[in-house]
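Read-outs: derived from the displayed coordinates by stated rules, not from any lab. Keep in mind it's a predicted model, so treat the numbers as computed, not measured. FYI the Cβ positions are ideal-geometry reconstructions off the backbone, even for glycines, and counts take in every protein chain you see.
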Amino acid sequence: MRLILNIIWLVLCGFWMAVGYIVAGIVCCVLIVTIPFGIASFRIANYAFWPFGRTVVDRRDAGAGSLLGNIIWIVFAGWWLALGHIVTGALLCLTIIGIPLGIANFKLVPISLVPLGREIVPAPTGA
């Protein structure tokens, strides 16, 4: 089921979302000082490309640098990205087929808002 949802996601919105994050990551890496934000953008792009079957967890070794970086990220990019995911998720939830995709969009809100100090891992399989 995850494979089918990921393919539908990829066709309908995942590809373009991933491209957007990749472009943002390239811009951040060109600006040298913002390389950590570029790396975070590339990680989010990978997650936005294929979200089903993965989840986000907090890293235990994240420190004050991640906190400061997340504050800067929220001010300049995070709230715009989160708002975009919320609006897109709400629109996708208007159709029955779009509900799982809308939920996946809502799943991207926390990491798009505060990406530093977080890690994307395979989701546990339920019994």
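When the chain is treated as a GNM with alpha-carbon contacts under 10 Å, the residue of LEU68, LEU83, LEU101 showing the greatest mean-square fluctuation is LEU68.
Looking at the chain, identify the longest residue range that excludes and avoids all trypsin sites (Lys or Arg not before Pro) in DSSP loops having at most 14 other Cβ atoms within 10 Å.
Details: sites that count: ARG59, ARG60.
Between the exposed loop sites, the longest stretch runs 61-127.
Of SER66, SER41, SER112, which is the most mobile in a GNM of the chain whose springs link Cα atoms less than 10 angstrom apart? Looking only at SER66, SER41, SER112, the largest GNM fluctuation is found for SER66. Matching the structure-derived Cα Rg over 2.2 N^0.38 Å against the labelled list [x] 1.17; [y] 1.05; [z] 1.79 gives the label [y].
Would you look at the GNM of the chain, springs on alpha carbons closer than 10 Å, and say which of LEU113, LEU91, LEU81 moves the most? Judging by the Gaussian network model, the answer is LEU91.
Pull out the extension gain between ALA123 and ILE39, defined as 0.36 nm times the separation in residues minus the alpha carbon to alpha carbon distance; nm, one decimal. Working shown, then result.
Values: separation 84, 0.36 × 84 = 30.24 nm, distance 2.17 nm.
Full extension from ALA123 to ILE39 adds 28.1 nm.
Using the membrane-span-like helix rule (whole DSSP H runs, Cα extent along the own axis of at least 18 Å, mean Kyte-Doolittle hydropathy at least 0.0), which helices of the chain qualify? Within the chain the helices that satisfy the rule are 15-30, 35-49, 79-92, 99-113.
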